[in-house]
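The values are calculated or read from the model by the stated rules, or taken from the named source; none is laboratory data. Note that this is a predicted model, so its numbers are computed, not measured. Note: ideal-geometry Cβ built from the backbone for every residue, glycine included; neighbour counts use all protein chains shown.
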Amino acid sequence: MKKLLVLMFSVYLLFLMSGCDKDGGEIVQEPDITEEPPEPTPFPLFIGDVEITQSPPRVVSLSPSLSEIVYELGYGSRIIGRGSYCDFPPVITEAPDTGSAANPDVDKIISLSPYLVLTTAPLSGMDMFRMEQSGIKTLVIPASENISSLREVYRVLGLVFEGLFTGIEAGDEAFALISKVCDNTGVLNIGKFVYITGDMKAATGDTLESSIFSCFGENIAADGGNYDFDLSLLSENQPDIILLNDKYTADDLLASENFSELDAVIGGKIIFIDNSAFERPSIRLALLVEKMIADYRDLQ
């Protein structure tokens, strides 16, 4: 009898543990809500199809403009390899030369073991594959064609180095001086202009040069594309001022049939422009614009 009672008690315990109440219904277990959700983190994030899992501790920058912006953001010390044409700020020349985007020294890059390679021009598939096999990520950030796309470059690099929470804000802060200088609300109107580049072509409406200078006037060559504009048309729509790459002189314009009869050339309404700020756009664009404004006022 005693054994029977023990057996019945054991069955009763099993019945309770089976999750049924005395009416035969299933006992609903309360969810465990003591565990808090994980805190959000700034990384990882994706830039295109490239996953950035941390703020890059070691970077190779093959493009001068990207190198300069990285320094503006305060992360220049992380550049451990540079493109052959990266020479500003001067301290960057202390980093090893790793070739150009067109002809990178992949063996040198791999030997430096960067986390990330930055470039404005795509690398060859084989170069990308070799670096990927060595655990090196490559991020292509296309060159800027206007003010808006230049702002996006700043934001992307901000995200790369600071992550999701402060990256865009950091990019906007670094870009602020360019934005301020180009936000020309009634400050200056240079009238109709044309900007003549280093190969004696006009900057058309789809170029960064036009985007910047059009904040201050009307680009006569805006309807052209990819620097393709018929300069002989300038005589029909006389520019008020000529913006000229400083590799040329006023005499060079006077010697050209496309310019020699223009009132602006004859009257000396020429402003000389250091085109390197467009070749490697960075904060130096703001300095270029400030100089252009000062030179224009000197002509009046």
Legend entry - Out of E162, E218, E173, sole residue that is surrounded by fewer than 17 Cβ atoms within 10 Å (Cβ to Cβ) and either in contact with a His (Cβ under 8 Å, 6 or more places away or on another chain) or under 30 Å from T41 (Cβ atoms) (or both): E173
Legend entry - Residues of the stretch 265-281 that turn out to be in a helix (DSSP H, G or I), small (G, A, S) and surrounded by fewer than 21 Cβ atoms within 10 Å (Cβ to Cβ), as a count: 1
Inset, instruction - Can you tell me which residue within the stretch 236-260, out of those that are among the acidic types (D, E) and outside any loop (DSSP other than H, G, I, E, B), is farthest from the chain's Cα centre (by Cα)? - result: D251
Inset, instruction - Pull up the stretch 75-98, narrow it to residues that are part of a helix (DSSP H, G or I) and out of contact with any strand residue (DSSP E or B) (no Cβ under 6 Å at 6 or more places or on another chain), then point me to the one that is surrounded by the most Cβ atoms within 10 Å (Cβ to Cβ). - result: G76
Inset, instruction - Keeping to the stretch 85-127, report how many residues are among the hydrophobic types (A, V, I, L, M, F, W, C) and more than 18 Å from P56 (Cα to Cα). - result: 9
Legend entry - Near pairs, Cβ below 6 angstrom, 6+ apart or cross-chain, from the stretch 115-141 (within 14 Å of A101 (Cβ to Cβ)) to any residue that is in a helix (DSSP H, G or I) and among the β-branched types (V, I, T): D127/V106; I141/V153; I141/V156
Legend entry - Residue satisfying all of: in the stretch 49-73; in contact (Cβ under 8 Å) with a residue 24 or more places away in the chain and part of a loop (DSSP other than H, G, I, E, B); farthest from P281 (Cα to Cα) among these: Q54
Inset, instruction - Take A176 and decide whether it is hydrophobic (A, V, I, L, M, F, W, C) and free of Cβ contacts under 8 Å to residues at least 24 places away in the same chain. - result: yes
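Residue-wise test of (1) at pLDDT 95 or above; (2) touching a strand residue (DSSP E or B) at 6+ places or on another chain (Cβ under 6 Å); (3) in the same structural domain as L285 (by TED's automatic domain parsing).
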| residue | (1), (2), (3) |
| --- | --- |
| D172 | yes, no, no |
| A202 | yes, yes, yes |
| I212 | yes, no, yes |
| I220 | yes, yes, yes |
| L234 | yes, no, yes |
| D252 | yes, no, yes |
| E261 | no, no, yes |
| G268 | yes, no, yes |
